Amino acid sequence: MDFEQARFNMIEQQIRPWEVLDPAVLQLLSLVRREDFVPARLRHLAFSDTELPLSSGSDGRRMLAPKVEARLLQELQLRPQDRVLELGTGAGYLTALLAHQAAEVVSVDSDAALIEQARASLRRSGLSRVELVLGDPLAGYAARGPYDAIVLTGSVPELPSQLLAQLKAGGRLLAIVGEQPVMRAQLLRQAAPGQTAVTELFDTVAARLPGVCEPSPFAF
């Protein structure tokens, strides 16, 4: 398989049409080898326009589609001095993209096997400004906060307000919110404690973040 041609096709046929036009993001997508982060058995599908299962079991963990990862990265508008908290390490590919743009990335996942796989992939990529933490993604990681940006790599029924205390003033939180078949990426900016503004970004659907409890169905 010609991975470089497949990478070019992904960028031109999936990423650009999804309004990802930031030159820095497009360059990163050209440089960071997505095929080195997907499960080995799915390497030939690394550039497919779909979510990929991260394990052979039935736990539902999936890697976001490339265009969604790219759009999330673009919407965060990271600066070289930013400290970022990623909730849901997964394969570690988005972690790698974040680490190229930010000063420091802390990434939390509840799956020890995925943490170790991601750590190995990040090490092979030469990325050292990443701390991987085994824990509950929904709890965040207050010990290293506050953060300039927090990004959730799985969907949630509603914006997790418990994470706002881990944001700096002026920080932003990016999450995919809602229930199938209607979900939407939302960007929350915190001007000051208790002062937040939410921007609706784009519609998509993503697998749940680990640890999410579905809301109880309405009963009469």
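The values are calculated or read from the model by the stated rules, or taken from the named source; none is laboratory data. As the structure is a prediction and not an experimental result, all values here were calculated from the model. Quick reminder, even Gly has a Cβ in these numbers, built from the backbone with ideal geometry, and neighbours come from all protein chains shown.
Annotation note: of 195, 190, 180, the sole residue that is at pLDDT below 95 and closer than 18 Å to residue 63 by Cα is 180. Screening the stretch 98-107 for residues that are outside any helix (DSSP H, G or I) and of a type in the set (A, V, I, L, M) and picking the one that is nearest to residue 16 (Cα to Cα) gives 102.
Looking at residue 206, is it part of a loop (DSSP other than H, G, I, E, B), surrounded by 12 or more Cβ atoms within 10 Å (Cβ to Cβ) and within 15 Å of the chain's Cα centre (by Cα)? Spelling it out, residue 206 is indeed part of a loop (DSSP other than H, G, I, E, B), surrounded by 12 or more Cβ atoms within 10 Å (Cβ to Cβ) and within 15 Å of the chain's Cα centre (by Cα). Considering only residues that are over 23 Å from residue 117 (Cβ atoms) and either in contact (Cβ under 8 Å) with a residue 12 or more places away in the chain or among the aromatic types (Phe, Trp, Tyr) (or both), which ones fall in the stretch 22-42? Once the filter is applied, which keeps residues that are over 23 Å from residue 117 (Cβ atoms) and either in contact (Cβ under 8 Å) with a residue 12 or more places away in the chain or among the aromatic types (Phe, Trp, Tyr) (or both), the stretch 22-42 yields 22, 24, 25, 26, 30.
From 119, 184, 172, grab the single residue that is in contact (Cβ under 8 Å) with a residue 24 or more places away in the chain, assigned to a strand (DSSP E or B) and of a type in the set (Lys, Arg).
Going through 119, 184, 172 in turn, the sole match is 172.
From the set of residues in the stretch 71-95 that are touching a Phe, Trp or Tyr at 6+ places or on another chain (Cβ under 7 Å) and in contact (Cβ under 8 Å) with a residue 60 or more places away in the chain, which is farthest from residue 209 (Cα to Cα)? Filtering the stretch 71-95 for residues that are touching a Phe, Trp or Tyr at 6+ places or on another chain (Cβ under 7 Å) and in contact (Cβ under 8 Å) with a residue 60 or more places away in the chain, the one farthest from residue 209 (Cα to Cα) comes out as 83.
Per the conditions (1) buried (at least 19 other Cβ atoms within 10 Å of the Cβ); (2) in contact with a strand residue (DSSP E or B) (Cβ under 7 Å, 6 or more places away or on another chain), the sole criterion not satisfied by residue 67 is (2).
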